[in-house]
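The values are calculated or read from the model by the stated rules, or taken from the named source; none is laboratory data. Keep in mind it's a predicted model, so treat the numbers as computed, not measured. Because the Cβ atoms are built from the backbone with ideal geometry, glycine has one as well, and the counts that use them run over all protein chains shown. All accessible areas refer to the heavy atoms of the entire protein, side chains included, with ligands and DNA or RNA removed. Shrake-Rupley method; radii C 1.70, N 1.55, O 1.52, S 1.80 Å.
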Amino acid sequence: MQVRPVDWRSFEDPEARHAWDALAQCAAEPNPFFESWYLLPALRAHDPQGNVRLLRFECQGELAGLLPVRREPKYYRWPIPQLTTWIHGNCFLGTPLVAAGLERQFWRALLDWADAAPGLALFLHLPLIPLDSPLQAALAQVLDEQHRLAGLVHVEQRAMLQSDLPREAYFEAALSGKKRKELRRQFARLSELGEVTLDRTTGDEHLGRWIDDFLSLEHSGWKGGAGSALASHQSTTRLFREALSGAASHGRLERLTLTLDGEPIAMLASFVTPPGAFSYKTAFDERYARYSPGVLLQRENLAMLDHPLVRWTDSCASADHPMIDHIWRERRAIGRLSIAIGGRLRRAVFRQLLKAELGRNPGGIAP
């Protein structure tokens, strides 16, 4: 068993993508952002020069693990070289894809490779790692058995949906009677303006039109004004189009749409990757903000609780999100880990860096 870095463009080959898709189906933990239909469009959009490498973990000659990595000259705002998981602005999880049952073997192979070929990197950095997961538990075991120094340099609590309650019972438990009454009033007032419908779609029916509507809706709001909407940049527009088309072709996409007289006023794209799901992108028409269309849509999204294959849903939202945190009451701890690699001198330098980071702020110096 070994890990070796390869040019990500080699995975454009249909046979290589087939092996990648097979790995995603048997992975210990789901991560749609590292599946072929999402990661390849992201790399095409953000890394056309091929600076990112895919770490390929093999077992008996078969693909059994995959992680995109990059050598960075800076650690956030600090001029400290590191070896890190490649993350971009629309990637919300850093969990590697690893075949179930091979978690510890993957981490051992990855750390062996990092020790042998650290380059200028002073440590290995793993962002956006779920802290209550089989892969993180396996990593902790390997770090312990190797007496390898590591530090949890940042933790945030992300809203998630996980409950045995049916959706209506969950909704009643999550929101006060006063808030539920207010939402009923808002829905009634919205209905006075025209016909209100909620549509759920799992296939690729009218997907191109839906994508156009979503991009337009998001860009019409504050994100468009701030230049952070998907449609603000050609690269993110292309990523969104290719990713949703890929998700639909792999049976991973679910779309929710709240319409008023046939025009969308709130939209949500989710990736369904059993046993989990991920609320990828949402947008709403700010002209109807007084009716809380986004919250009305999220009430319908509680149907994920009744999905026969989904046990939990990751919001993909930032910590303390002003809307979703008040509806989804469970939390998923997401952390950033820094790990010693290389020889004695490099590890000694890392020890001092880690001490300085955690000494300055127990939550880490990373912004």
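Rounding to the nearest 10 and keeping the result within 0 to 90°, find how far the Cα-based axis of helix 103-116 lies from the longest principal axis of the chain.
The helix 103-116 is inclined about 50 degrees to the chain.
Given SER270, GLN2, PRO30, which one lies farthest toward the positive end of the charge dipole of the chain, if we put +1 on the Cβ of every Lys and Arg and -1 on the Cβ of every Asp and Glu?
Toward the positive end, the furthest listed residue is GLN2.
Show me the trypsin sites (Lys or Arg not before Pro) within the stretch 269-367 that DSSP assigns to loop and that have at most 10 other Cβ atoms within 10 Å of their Cβ.
Passing both the DSSP loop test and the Cβ count: no residue.
Can you compute the helix-only [θ] at 222 nm over the chain? Use -39500 (n - 2.57) per DSSP H run of at least 4 residues, normalise by all residues, nearest 500 deg cm²/dmol.
-11000 deg cm²/dmol
What is the dipole size for the chain, taken about its Cα centre, with +1 at each Lys and Arg Cβ and -1 at each Asp and Glu Cβ, in debye to the nearest 20?
1460 debye
The chain: Rg/Rh from Cα coordinates, Kirkwood Rh?
0.99
May I ask for the angle, rounded to the nearest 10°, between helix 177-191 and the longest principal axis of the chain, with both axes built from Cα atoms and the value confined to 0 to 90°?
For 177-191 against the chain, the angle is about 60 degrees.
Given a 1.4 angstrom probe, what's the average accessible area per residue across the stretch 56-194, in square angstrom?
Heavy-atom accessible area per residue stands at 46 Å².
Could you work out the per residue convex hull volume over the alpha carbons of the stretch 82-239, in cubic angstrom?
So the per-residue Cα hull volume is 229 Å³.
Check cross-link reach from LYS355 to the lysines: straight Cα distance under 30 Å, and skip same-chain residues fewer than eight apart.
LYS74
Evaluate the distance, in nm, between pseudo-label points positioned 7 Å from the Cα of SER10 and of GLU192 along their respective Cα→Cβ axes.
6.5 nm
In the stretch 160-264, carbon and sulfur make up what percent of the accessible area (probe 1.4 Å)?
Whole-percent figure for carbon plus sulfur exposure: 47.
Exactly which chymotrypsin sites (Phe, Trp or Tyr not before Pro) in the stretch 72-127 are in a DSSP loop and have at most 16 other Cβ atoms within 10 Å?
Hits after loop and neighbour filter: TYR76.
Quick one: which residues, 5+ away or cross-chain, put their amide H under 5 Å from the amide H of ILE87? H built at 1.01 Å from N.
Here nothing satisfies the definition.
Rounded, prolate or oblate: which fits the stretch 1-118, taking a ≥ b ≥ c as square roots of the Cα gyration tensor eigenvalues, rounded meaning a/c under 1.5, else prolate when a/b beats b/c?
Oblate, since a/c reaches 1.5 and b/c is not below a/b.
With each pseudo-label sitting 7 Å past Cα toward Cβ, what's the GLU62-ARG180 distance in nm, one decimal?
So the two model labels end up 4.9 nm from each other.
Hey, what angle do you get for helix 207-219 against the long axis of the chain, alpha-carbon based, 0 to 90 degrees rounded to 10?
Value to nearest ten degrees: 90.
Using Cα centres only, tell me the gap between the stretch 128-148 and the stretch 222-288 in whole Å.
Between the Cα centres of the stretch 128-148 and the stretch 222-288 lies a distance of 33 Å.
Over the stretch 299-353, consider all pairs of different Cα atoms and compute the Kirkwood hydrodynamic radius from their mean reciprocal separation; express it in Å, one decimal.
15.0 Å
Tell me, what HN-Hα J-couplings in whole Hz come from the Karplus equation 6.51 cos²θ - 1.76 cosθ + 1.60 at θ = phi - 60° for each residue of the stretch 34-45, using x for Gly and Pro?
10, 7, 4, 5, 10, 5, 5, x, 5, 5, 4, 6
Starting from the residue with the highest accessible area, list VAL196, VAL98, VAL349 in decreasing order, probe 1.4 Å.
Per-residue accessible area, sorted high to low, gives VAL349, VAL196, VAL98.
Taking the Cα centre of the stretch 209-274 as origin and charging only Cβ (+1 Lys, Arg; -1 Asp, Glu), how large is the dipole, in debye to the nearest 20?
Here the size comes out at about 240 debye.
By a straight-distance test (C-alpha under 30 Å), which lysines pair with LYS178 as possible cross-link partners, with residues fewer than eight away in the same chain excluded?
Qualifying lysines at Cα under 30 Å: LYS281.
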